[in-house]
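Undergrad: Could you have a look at this structure, given as structure tokens, before my questions?
The values are calculated or read from the model by the stated rules, or taken from the named source; none is laboratory data. What you see is a predicted model; the values in this text were computed from it and never measured. Ideal geometry is used to build each Cβ from the backbone, glycine not excepted, and the neighbour counts take in all protein chains shown. The protein model used for the area step is the full one, side chains on, heavy atoms only, and it has no ligands, DNA or RNA in it. Shrake-Rupley method; radii C 1.70, N 1.55, O 1.52, S 1.80 Å.
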Amino acid sequence: MGFERPGWDEYFMLQAELAKLRSNCISRKVGAVIARGHRQIATGYNGTPPGARNCYEGGCQRCADRMAGRVEPGEDLSRCLCSHAEANAIMHCAILGIEAGRGGDLYTTYAPCLECTKMAITIGIRRFVCLERYPEDDQGLAEGAGITIEMLDRSAISRWAASIGGV
């Protein structure tokens, strides 16, 4: 019986799954982590900007309309006041003055949307590791910029997540 621990991808994706627990969005919870050199540099989750009323408190009318069935998933996104998890992780780096992107990996519970993909390219992210596809992602842009996109099977982290309960 050998000693087991999660691989780096599983480890950082577990961190992204943990980050999404802080999301204040009522429509979809997403977490993201930027890592470089096996070190976590930044974390983000989706929700309204600091100082704004939380989404679950009525801060984002578009999300409320989506939950009430008045807006379809992926529709009317320009009205959403929630910042994406990936954007928040990138902004976290900027706020702290950390040059995180060059050669970094972006772990996210959903594949990044077009806007987040553009930001990730700009800061030099080299790889996306995702758990699920996002309806409005743009893999072609990412791949054209030399970013590797890897889909991680949820079962790869489920067993590790289950083991946390025994702490």
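Undergrad: What is the one condition in (1) touching a Phe, Trp or Tyr at 6+ places or on another chain (Cβ under 8 Å); (2) open to solvent by less than 30 Å² (accessible area, probe 1.4 Å) that ALA42 does not satisfy?
TA: Failed condition: (1).
Undergrad: Next question, about the same structure. Considering LEU77, LEU152, which residue is open to solvent by less than 70 Å² (accessible area, probe 1.4 Å), at pLDDT 90 or above, under 18 Å from LYS29 (Cα atoms) and of a type outside the set (Ser, Thr, Tyr)?
TA: Numbers: LEU77 fails: at pLDDT 90 or above.
Testing whether each residue is open to solvent by less than 70 Å² (accessible area, probe 1.4 Å), at pLDDT 90 or above, under 18 Å from LYS29 (Cα atoms) and of a type outside the set (Ser, Thr, Tyr) leaves just LEU152.
Undergrad: Assuming ALA142 fulfils every condition listed in (1) closer than 19 Å to ILE34 by Cα; (2) without any contact (Cβ under 8 Å) to a residue 40 or more places away in the chain; (3) open to solvent by 20 Å² or more (accessible area, probe 1.4 Å) apart from one, which condition is it?
TA: Unmet for ALA142, out of (1) closer than 19 Å to ILE34 by Cα; (2) without any contact (Cβ under 8 Å) to a residue 40 or more places away in the chain; (3) open to solvent by 20 Å² or more (accessible area, probe 1.4 Å): (3).
Undergrad: Test SER23 against the criterion of being open to solvent by less than 60 Å² (accessible area, probe 1.4 Å), modelled with pLDDT of 95 or more and among the small types (Gly, Ala, Ser), and give yes or no.
TA: Numbers: open to solvent by less than 60 Å² (accessible area, probe 1.4 Å): yes; modelled with pLDDT of 95 or more: yes; among the small types (Gly, Ala, Ser): yes.
For SER23, the condition - open to solvent by less than 60 Å² (accessible area, probe 1.4 Å), modelled with pLDDT of 95 or more and among the small types (Gly, Ala, Ser) - is met.
Undergrad: Condition first: assigned to a loop (DSSP other than H, G, I, E, B) and open to solvent by less than 90 Å² (accessible area, probe 1.4 Å). Now tell me which residues in the stretch 52-73 satisfy that. Full working, then the answer.
TA: Within the stretch 52-73, the first condition is being assigned to a loop (DSSP other than H, G, I, E, B), and the residues that meet it are 52-54, 58-60, 68-73.
The answer is ALA52, ASN54, GLY58, GLY59, CYS60, ALA68, GLY69, VAL71, PRO73.
Undergrad: Got a number for residues in the stretch 76-96 being assigned to a loop (DSSP other than H, G, I, E, B) and either among the basic types (Lys, Arg) or over 20 Å from the mean Cα position of the chain (by Cα) (or both)? Full working, then the answer.
TA: First pass over the stretch 76-96, keeping only residues assigned to a loop (DSSP other than H, G, I, E, B): 76, 80-82, 84.
Then drop every residue that is not either among the basic types (Lys, Arg) or over 20 Å from the mean Cα position of the chain (by Cα) (or both), which leaves 76.
Matching residues across the stretch 76-96 total 1.
Undergrad: What number of residues within the stretch 81-109 are open to solvent by less than 40 Å² (accessible area, probe 1.4 Å) and over 16 Å from ALA35 (Cα atoms)? Break it down stepwise before answering.
TA: If we filter the stretch 81-109 for residues that are open to solvent by less than 40 Å² (accessible area, probe 1.4 Å), which is where we start, we get 82-83, 85-87, 89-90, 93, 100-101, 103-109.
Going one step further and asking which of them are over 16 Å from ALA35 (Cα atoms), we end up with 82-83.
The total comes to 2.
Undergrad: Taking the options ALA52, ALA89, ALA42, name whichever one is over 25 Å from TRP8 (Cβ atoms) and not basic (Lys, Arg). Talk me through it step by step, then tell me what you get.
TA: Details: ALA89 fails: over 25 Å from TRP8 (Cβ atoms); ALA42 fails: over 25 Å from TRP8 (Cβ atoms).
Answer to the selection: ALA52.
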